[in-house]
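Asks: To start, I am sharing the structure in question, which I have written as structure tokens.
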Amino acid sequence: MKVFEIIKFGSNLLKENKIPAHILDSELLLAKTLDKTREEILINLNEKINEKNINVFKDLLKRRLNNEPVAYILGEKEFYSKRFEVDKTTLIPRPETEILVETIIKIYKERKITILDIGTGSGCIILSLLSSLKKSIGTGVDISKYAIQIAKKNAQNHNLFNRVKFLNKSFEGIFSKKFDLIVSNPPYVENKDIKNLSDDIKRFEPRLALDGGKDGLDLIKKVIYKSKEILKYDGTLALEIGNEQIQKVSKILIKKNFRIKKVLKDYKNNVRCVLAINN
Ligand SMILES: C[S@@+](CC[C@H](N)C(=O)[O-])C[C@H]1O[C@@H](n2cnc3c(N)ncnc32)[C@H](O)[C@@H]1O
């Protein structure tokens, strides 16, 4: 079989099984099989694929047909123009989180700050920030020891190990008061809504990264309370929140004497991030 035939074979099968982005997924899985980039395989559509690689491709395809997210099959995800290793212990970085990262970079450009990333997962937020904010240093904290291992690998891959520390513990156990910026994309899905998430998410992504308790706000509240203690005066708390959580989150922030500086909308025009100043 040639490259274009096998891509078609894979995409048809994925389409029949209602997998969205079936063409792209088929191309990515073939690129992974051949250890090439997607672009490289697409400029050689007539190249012949040997039997062994066809079988490898079919195995990857089976995983995708079982709804495993492509990022976990590939073992990586692009975030803010950088590749991050991911596995089933880390949330797959999302585009809405890039909006938060981009905004923070614009605000702090050229400045030297100390950053804490609460619930760092793959480390995508803190590492993207430190890549651009070159004078700054940061700490990522996560309760999952496996996620912290991945975050450390990503720090190494992006040559940031000298400016970042990763701690495997709950953020509730952090007492140092030194941060200019606290950023967090905490778990914020309401308990009862987890069953309504797509199969890709609910069967494969870590529950610890999703479950925000009864009203989805358990972790958000705790992050706000903790930030009050460990954020410098005039420092910024930058939070990603769930769709329709902004009103409740704003109330909690104001009650805790934060001043709302900015809210950010996602690509569907929903408010998904809030930046607040510690007054
Ligand atoms: C929504 S994920 C965000 C991952 C990553 N920051 C991102 O944006 O892709 C939330 C993360 O918070 C971590 N987490 C949950 N409870 C925590 C706690 N009490 N202390 C520290 N991390 C926690 C989870 O393990 C998970 O990695």
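Every number in this text was worked out from the coordinates using simple rules, so none of it is lab data. As the structure is a prediction and not an experimental result, all values here were calculated from the model. Please note: Cβ atoms are built from the backbone with ideal geometry, for glycine as well, and neighbour counts cover all protein chains shown.
Asks: Short version: ³J(HN,Hα) in whole Hz for each residue of segment 223-238, in order, from phi by Karplus 6.51 cos²θ - 1.76 cosθ + 1.60 (θ = phi - 60°), x for Gly and Pro, what are they?
Replies: With coefficients 6.51, -1.76 and 1.60, one gets 5, 5, 4, 5, 4, 4, 7, 10, 8, 5, 4, 6, x, 10, 10, 10 Hz.
Asks: Moving on. With equal scatterers on the alpha carbons only and no solvent term, can you work out the Debye log10 of I(q)/I(0) for segment 1-156 at 0.10 1/Å?
Replies: Debye curve over Cα of segment 1-156, log10 I(q)/I(0) at q = 0.10 Å⁻¹: -0.45.
Asks: Each label point is 7 Å from the Cα along the Cα-to-Cβ direction; what then is the distance between the points at Arg94 and Lys165, in nm?
Replies: The two pseudo-label positions are separated by 3.0 nm.
Asks: Summing +1 for each Lys or Arg and -1 for each Asp or Glu, what net charge is found among the other residues whose Cβ lies under 15 Å from the Cβ of Asn196?
Replies: Working: positive: Lys192, Lys195, Lys202, Arg203, Arg207; negative: Glu190, Asp193, Asp199, Asp200, Glu205, Asp211, Glu244.
Summing Lys/Arg as +1 and Asp/Glu as -1 gives -2.
Asks: In whole angstrom, note down how far apart the Cα centers of segment 1-46 and segment 166-181 are.
Replies: Each part's Cα centre sits 43 Å from the other's.
Asks: Here is a follow-up. If you add up the charges near Lys2, with Lys and Arg at +1 and Asp and Glu at -1, over every other residue whose beta carbon is less than 11 angstrom from its beta carbon, what do you get?
Replies: On the way: positive: Lys8, Lys48; negative: Glu5, Glu47.
Residues near Lys2 contribute 0 overall.
Asks: Counting pairs of Cα atoms in segment 138-177, how many percent are more than 11 Å apart?
Replies: Numbers: 482 of 780 pairs.
Pairs farther apart than 11 Å: 62 percent.
Asks: To continue, here is another question. Compute, for the chain, the length of the dipole vector about the Cα centre, with Cβ point charges of +1 (Lys, Arg) and -1 (Asp, Glu) only. Units Debye, rounded to 20.
Replies: The calculation lands at about 1040 debye.
Asks: Something else now. Only Cα pairs within less than 10 Å get springs; with that Gaussian network setup on the chain, which residue of Gly119, Gly140, Gly212 has the largest fluctuation?
Replies: Top of the fluctuation ranking is Gly212.
Asks: Right, next: Positive end of the charge dipole of the chain (Lys, Arg +1 and Asp, Glu -1 on Cβ, about the Cα centre): tell me which of Ile115, Phe57, Ile92 has its Cα farthest that way.
Replies: Farthest along the dipole direction, towards plus: Ile115.
Asks: If you find the alpha carbon centre of segment 220-279 and of segment 57-89, how far apart are they in angstrom?
Replies: 31 Å
Asks: Quick one: dipole size for segment 3-66, taken about the Cα centre, charges +1 on Lys/Arg Cβ and -1 on Asp/Glu Cβ, in debye to the nearest 20. Kindly include the intermediate steps, with their values, before the conclusion.
Replies: On the way: 12 positive and 10 negative charges, 55 e Å.
Using Cβ point charges on Lys, Arg, Asp and Glu, segment 3-66 gives about 260 debye.
Asks: Go through segment 70-161 and name the GluC sites (Glu not before Pro) that are in a DSSP coil and have 11 or fewer other Cβ atoms within 10 Å of their Cβ. Don't skip to the end; give the middle numbers.
Replies: On the way: sites: Glu76, Glu78, Glu85, Glu96, Glu98, Glu102, Glu110; in loops: Glu110.
Here the sparse-neighbourhood loop sites are Glu110.
Asks: Moving on. Please pull out the direction-averaged projected area of segment 117-225, using the convex hull of its alpha-carbon atoms, in nm² to one decimal place.
Replies: Details: hull surface 29.1 nm².
Over every viewing direction, the Cα hull of segment 117-225 projects on average to 7.3 nm².
Asks: Where a ≥ b ≥ c are the square roots of the eigenvalues of the C-alpha gyration tensor, would you call segment 204-279 rounded, which needs a/c under 1.5, or, failing that, prolate if a/b is larger than b/c, or oblate? Don't jump to the answer; show the numbers that get you there.
Replies: On the way: a/c = 1.92, a/b = 1.33, b/c = 1.44.
Oblate shape, in that a/c is at least 1.5 and b/c is the bigger or equal ratio.
Asks: Okay, next question. Scale the Cα Rg of segment 1-50 by the rule-of-thumb value 2.2 N^0.38 Å and send over the ratio, two decimals. It would help to have the intermediate numbers written out before the result.
Replies: Numbers: Rg = 10.2 Å, N = 50, 2.2 N^0.38 = 9.7 Å.
Here the Cα radius of gyration is 1.05 times the empirical estimate.
Asks: So, one more: If you take the Cα atoms of the chain, find Rg, then find the Kirkwood Rh from the mean of 1/r over all pairs, what is Rg/Rh? Spell out each step's value before the answer.
Replies: Working: Rg = 20.4 Å, Rh = 20.0 Å.
Radius of gyration over Kirkwood radius for the chain works out to 1.02.
Asks: Still on this structure: Just flag the trypsin sites (Lys or Arg not before Pro) in segment 185-250 sitting in loop per DSSP whose Cβ has no more than 13 other Cβ atoms within 10 Å.
Replies: Details: sites: Lys192, Lys195, Lys202, Arg203, Arg207, Lys214, Lys221, Lys222, Lys226, Lys228, Lys232, Lys248; in loops: Lys214.
Of the trypsin sites (Lys or Arg not before Pro), the ones in loops of segment 185-250 whose Cβ has at most 13 other Cβ atoms within 10 Å are Lys214.
Asks: Going by C-beta contacts inside 10 Å, put Cys124, Cys273 in order with the fewest on the left.
Replies: Working: Cys124 29, Cys273 23.
By the 10 Å Cβ count, ascending: Cys273, Cys124.
Asks: Could you pull out which residues in segment 213-239 have an amide N less than 14 Å from a spot 7 Å beyond the Cα of Val263, following the Cα-Cβ vector?
Replies: 239
Asks: Between the helical axis of 51-65 and the dominant principal axis of the chain, each derived from Cα atoms, what acute angle in degrees is found, rounded to the nearest 10?
Replies: 40 degrees
Asks: Around Gly173, with a cut-off of 15 angstrom between Cβ atoms, what is the net charge of the other residues, counting Lys and Arg +1 and Asp and Glu -1?
Replies: Numbers: positive: Lys145, Lys165, Lys169, Lys177, Lys222, Lys226; negative: Asp142, Glu172, Glu229.
So the surrounding residues net to +3.
Asks: Between Ala71, Ala21, Ala155, find the one with the highest GNM mean-square fluctuation for the chain; connect C-alpha pairs within less than 10 Å.
Replies: Ala21
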